[in-house]
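The next block holds one structure in the form of structure tokens; read it before the comments.
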Amino acid sequence: MTLIKRPGWEIPESRVTPEAAALGRRSLLGAGAGLAAGAVFASRAAHAATQAAGPTATGPKAAGPKAAGLPPMNPPRNMTYRAGRALTAEKAAETYNNYYEFSQDKDLWRAAQKMTISPWEIRIEGLVAKPRTIGIDDLLRQVRLQERVYRHRCVETWAMTVPWTGFPMADLVKLADPLGSAKYVVFTTVEEPKAMSGLDSPLFPFPYVEGVTMAEAMNDLAFISVGLYGKPLPKQNGAPVRITLPWKYGFKSGKAFVKVAFTETQPKTFWAQIAPDEYGFWANVNPAVPHPRWSQATERLIGTNERVPTQIYNGYGPYVASLYAGMKGDMLFR
Ligand code: MTE
């Protein structure tokens with residue numbers, strides 16, 4: 001017999017209601033000295049049918065094109081991580097995005113279609129036994145895919161609940177075979193100037209670089225996503241491969257990475273270079289630590305527009321709080 005112990009953050013099933021529509025929101029992230037601070041809001045309609053997240057939900061049907069020997073994009077759902085919320089409408093999650101390489105607007109999905117995602121290679125380098133380059137198909141043949149429904153919380157205070165297909169980040173680390181001296185894993189996003197007009201902006205220090213400590217990377221929650229809603233990742237969501245760190249603000253989850261480097265020193269991450277007091281290295285979700293320019297106490301669910309309380313570590317504290325034992329201060333939450 002299996003007993004299901006519900007984590008503290010899970011809301012009662014009675015509150016898990018399907019959404020009818022999704023409203024978009026535009027928020028300009030202030031980028032230090034150069035960028036105008038403030039937030040601009042505009043609503044966009046995006047309607048889609050929804051599926052309830054939870055034990056009775058059936059997996060998505062569409063699995064996407066299947067190349068020889070590649071695993072399907074609709075693998076079994078890992079029920080360890082329950083979102084306790086309705087899934088965000090698929091259309092909303094795929095038309096309301098942050099991807100500064102393309103645009104500072106949320107409706108960049110059309111522009112993102114210009115991007116080339118095949119062939120795709122990932123360079124593994126730095127403190128590893130053997131630096132090498134691995135193709136995405138080769139990588140996918142060496143891992144076992146699973147689906148995870150995670151809550152996804154942007155520093156701008158919007159939130160979604162989406163089913164990612166992917167594999168634990170720990171599997172990628174093991175495959176890379178880092179040296180004992182490695183302390184951080186650093187992910188660098190592709191730069192494709194012909195497709196990504198945002199790269200021209202002098203305000204942003206592209207390429208987009210994000211990273212975590214080795215302990216964070218080895219935590220089971222840290223995920224490498226290659227699919228969404230049972231299909232290959234849409235380009236605007238980070239195709240063909242992105243990181244997914246649900247206990248951290250969304251900006252930590254770099255999209256379309258082409259380099260994984262193991263280092264001894266903490267990387268200079270993209271947003272921390274722009275505004276270190278606002279978007280630091282740790283960026284763990286915490287309702288009690290406001291962003292310097294807005295409160296983080298509540299979050300707005302894309303789709304229903306409902307405001308719900310923010311939870312520390314986005315509700316994943318039982319899985320990750322121990323990573324920060326002995327560490328103190330607001331810097332952990334920015
Ligand atoms: N990765 C890259 N390369 N460029 C970006 O601008 N934006 C980040 C993150 N990853 C970003 C990125 C931010 S701020 C958020 S909130 C999430 O992507 C949004 O992911 P989504 O569009 O799939 O919801």
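The values are calculated or read from the model by the stated rules, or taken from the named source; none is laboratory data. In this text the structure is predicted, and so the values were computed from the model without any measurement. Cβ sites come from the backbone with ideal geometry, for glycine too, and all protein chains shown count toward neighbours. The protein model used for the area step is the full one, side chains on, heavy atoms only, and it has no ligands, DNA or RNA in it. Shrake-Rupley method; radii C 1.70, N 1.55, O 1.52, S 1.80 Å.
Could you grab the pairs with beta carbons closer than 6 Å, sequence gap of 6+ or different chains, first residue in the range 73-93 and more than 24 Å from I136 (Cβ to Cβ) and of a type outside the set (V, I, T), second one within 13 Å of the ligand (Cβ to nearest atom) and assigned to a loop (DSSP other than H, G, I, E, B)?
Here the result reads A89/G303; A92/I302; A92/G303, each pair linking the range 73-93 to a residue that is within 13 Å of the ligand (Cβ to nearest atom) and assigned to a loop (DSSP other than H, G, I, E, B).
Restricting the range 228-270 to residues that are among the basic types (K, R) and more than 8 Å from the ligand (Cβ to nearest atom), which is nearest to the chain's Cα centre (by Cα)?
Filtering first and then ranking leaves K248.
I'm trying to understand the selection: among the residues of the range 123-173, which are of a type in the set (A, V, I, L, M), part of a loop (DSSP other than H, G, I, E, B) and open to solvent by less than 10 Å² (accessible area, probe 1.4 Å)?
V155
Answer yes if at least one residue in the range 218-225 is open to solvent by less than 10 Å² (accessible area, probe 1.4 Å), of a type outside the set (D, E) and more than 25 Å from G126 (Cα to Cα), and no otherwise.
No, the range 218-225 has no match at all.
Just give me the residues in the range 65-117 being away from the ligand (no atom under 12 Å from the Cβ), touching a strand residue (DSSP E or B) at 6+ places or on another chain (Cβ under 6 Å), assigned to a loop (DSSP other than H, G, I, E, B) and not hydroxyl-bearing (S, T, Y), in sequence order.
Across the range 65-117, the qualifying residues are M73, P75, N78, A83, R85, L87, A89.
Considering L233, L245, which residue is over 25 Å from P309 (Cα atoms) and either aliphatic (A, V, I, L, M) or at pLDDT below 95 (or both)?
Selected residue: L233, the only one of L233, L245 that is over 25 Å from P309 (Cα atoms) and either aliphatic (A, V, I, L, M) or at pLDDT below 95 (or both).
Pull out all pairs, ordered by first then second residue, where Cβ-Cβ is under 8 Å, the residues are six or more apart or on different chains, the first lies in the range 200-214 and is at pLDDT 95 or above and open to solvent by less than 20 Å² (accessible area, probe 1.4 Å), and the second is basic (K, R) and within 14 Å of the ligand (Cβ to nearest atom).
So the pair list comes out as E210/K252; V212/K252.
Regarding R77, is this residue buried (at least 18 other Cβ atoms within 10 Å of the Cβ) and either modelled with pLDDT under 85 or of a type in the set (D, E, K, R) (or both)?
yes
Take the residues in the range 153-185 that are within 13 Å of the ligand (Cβ to nearest atom) and in contact with a Pro (Cβ under 8 Å, 6 or more places away or on another chain), then tell me which one is nearest to E264 (Cα to Cα).
Step by step, filter the range 153-185, then rank; the result is R153.
May I ask you to list the residues in the range 296-329 that are more than 20 Å from F223 (Cβ to Cβ), open to solvent by less than 70 Å² (accessible area, probe 1.4 Å), small (G, A, S) and out of contact with any strand residue (DSSP E or B) (no Cβ under 8 Å at 6 or more places or on another chain)?
G329
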